[in-house]
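Student: First the structure, then my questions, so here it is.
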Amino acid sequence: MTTRLLSPILHSGVSLTTQRPVGCFLQPTGFAWRKAMQPIPFKMKGTDYAITIKVATYSEGNLAIKLYQENFGQLIFWDTLTTNLGGLRPKDCGFVNTKTTGKRFYAWIKRNGLGEPTGQIRSENGVDNVEYLFNSKKLKKLDPDGYTYYSRRLKGELGRQYERLYLALRRLANHVPHFHYTDYSGWRKLQGSDDTLPLWIEAEDPAHCLRYIFEQRGIMLRTTIINCETQTVQRYIHRRKEDMATNLLSFYQGELPVYPPWSEDRRRQSDTRHENPLIQTFKETAEIRQQAGKKKKSQKRRT
């Protein structure tokens, strides 16, 4: 089964729409293109590759990252960094493709600051696929046109559903050892999920022997917490989607990093930094109003 990839219009004015682009090539043009899309070194089995990243989208609007090699002024398709497992992904998120390179991409992504794991793992054909949140600033710098096309297309097709809950899950996955989750939510339009609940996320915290289930049934938002040691079950009903994230983070207050508030000196420095521009703005506004008042008076005298 082939996966359709959509790419933006290139500098040459040619629109590229490919069906799993094996062996296809692109013609790089212009100094701006070469400056923006610098190749990144990648080593596999003793061979060094100079990889150029191209940002595209899958048919659902999900992020697709394609890898190319330059040969005699042409970009030849090499591999895809992401794989599309179906369903809608959050912005800048995608499952990493490990079919041809194994787990080498994980170290390569970390070494070049391209992204970090979200904590979600989905098994497909016996393979655990790890979802990554990719560095949007880095992608935009590497391929400005491709990333702009992707972000604009995503905004039209993917709403910010349950955003704070996903941010809370990612935060726990980054700071709590072995915390991970799997998203089965029906709003993502997974294959065969027509009857699935709009929100259905299962998370596991092996360090504390806890299992979480987040779900929405009609207008009811519910969090279920199962203690694997005592086999006790706790259920929380929420009024708002934001409350699910707040309730989840409240259990880990002592384990998550706390950023100290600004000191009085730093607050004063910040205030003084903005004082002059604000004063200047107020002066300009007052001058404009005075000039407008003078014009009105002169017009009344003429009449």
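The values are calculated or read from the model by the stated rules, or taken from the named source; none is laboratory data. Note that the structure is a prediction, hence the values are computed from the model and not measured. All Cβ positions, glycine included, derive from the backbone under ideal geometry; neighbour counts span all protein chains shown. These area figures cover heavy atoms from the full protein model, side chains too; ligands, DNA and RNA do not enter into them. Shrake-Rupley method; radii C 1.70, N 1.55, O 1.52, S 1.80 Å.
Student: Can you list residue pairs whose Cβ atoms sit under 8 Å apart, with the first residue in the range 94-113 being hydroxyl-bearing (Ser, Thr, Tyr) and the second being open to solvent by 50 Å² or more (accessible area, probe 1.4 Å)? Count only pairs 6 or more apart in sequence or on different chains.
Tutor: The qualifying pairs are Thr98/Val127.
Student: Sticking with this one: Take the residues in the range 96-118 that are β-branched (Val, Ile, Thr) and farther than 18 Å from Asn174 by Cβ; name whichever of them is most open to solvent (accessible area, probe 1.4 Å).
Tutor: Within the range 96-118, the subset β-branched (Val, Ile, Thr) is 96, 98, 100-101, 109, 118.
From what is left, the residues that are farther than 18 Å from Asn174 by Cβ are 98, 100-101.
Numbers: Thr98: 26, Thr100: 89, Thr101: 2 Å².
This residue is Thr100.
Listed here are the residues, each with its yes/no results for (1) within 25 Å of the chain's Cα centre (by Cα); (2) loosely packed, with under 12 Cβ neighbours inside 10 Å; (3) of a type in the set (Gly, Ala, Ser); (4) under 15 Å from Tyr181 (Cα atoms).
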position	(1), (2), (3), (4)
Ala203	yes, no, yes, yes
Tyr212	yes, no, no, yes
Thr224	no, no, no, yes
Arg240	yes, yes, no, no
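Student: Can Ala168 be described as farther than 28 Å from Lys45 by Cβ, of a type in the set (A, V, I, L, M), open to solvent by less than 20 Å² (accessible area, probe 1.4 Å) and touching a residue at least 40 places away in the same chain (Cβ under 8 Å)?
Tutor: yes
Student: Need the failing condition index for Gly30 against (1) small (Gly, Ala, Ser); (2) open to solvent by 10 Å² or more (accessible area, probe 1.4 Å); (3) at pLDDT 85 or above; (4) farther than 22 Å from Asp183 by Cα, just the number.
Tutor: Here Gly30 clears every test but (3).
Yes/no matrix, rows are residues, columns are (1) closer than 30 Å to Arg240 by Cα; (2) open to solvent by 20 Å² or more (accessible area, probe 1.4 Å); (3) at pLDDT below 85; (4) charged (D, E, K, R):
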position: Gln120; (1), (2), (3), (4): yes, no, no, no
position: Ser123; (1), (2), (3), (4): no, yes, yes, no
position: Ser136; (1), (2), (3), (4): yes, yes, no, no
position: Gly146; (1), (2), (3), (4): no, no, no, no
position: Arg152; (1), (2), (3), (4): yes, yes, yes, yes
position: Lys155; (1), (2), (3), (4): yes, yes, yes, yes
position: Leu158; (1), (2), (3), (4): yes, yes, yes, no
position: Glu163; (1), (2), (3), (4): yes, yes, yes, yes
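Student: At positive phi and not aliphatic (A, V, I, L, M): does that describe Gly146?
Tutor: Against the criterion (at positive phi and not aliphatic (A, V, I, L, M)), Gly146 does not qualify.
Student: Among what's in the range 99-117 and is assigned to a loop (DSSP other than H, G, I, E, B) and modelled with pLDDT of 85 or more, pick the residue that is nearest to Thr182 (Cα to Cα).
Tutor: Leu114
Student: Looking only at residues that are among the β-branched types (Val, Ile, Thr) and free of Cβ contacts under 8 Å to residues at least 12 places away in the same chain in the range 216-245, which one is nearest to Glu202 (Cα to Cα)?
Tutor: Ranking the qualifying residues of the range 216-245, first place goes to Val233.
Student: Then there is this: Can you find a residue in the range 165-182 that is at pLDDT 80 or above, of a type in the set (A, V, I, L, M, F, W, C), within 24 Å of Glu124 (Cα to Cα) and in a loop (DSSP other than H, G, I, E, B)?
Tutor: Scanning the range 165-182, I find at least one residue that is at pLDDT 80 or above, of a type in the set (A, V, I, L, M, F, W, C), within 24 Å of Glu124 (Cα to Cα) and in a loop (DSSP other than H, G, I, E, B), so the answer is yes.
Student: Okay, next question. Within the range 56-93, which residues are part of a loop (DSSP other than H, G, I, E, B), modelled with pLDDT of 80 or more and of a type in the set (Asp, Glu)?
Tutor: Asp92
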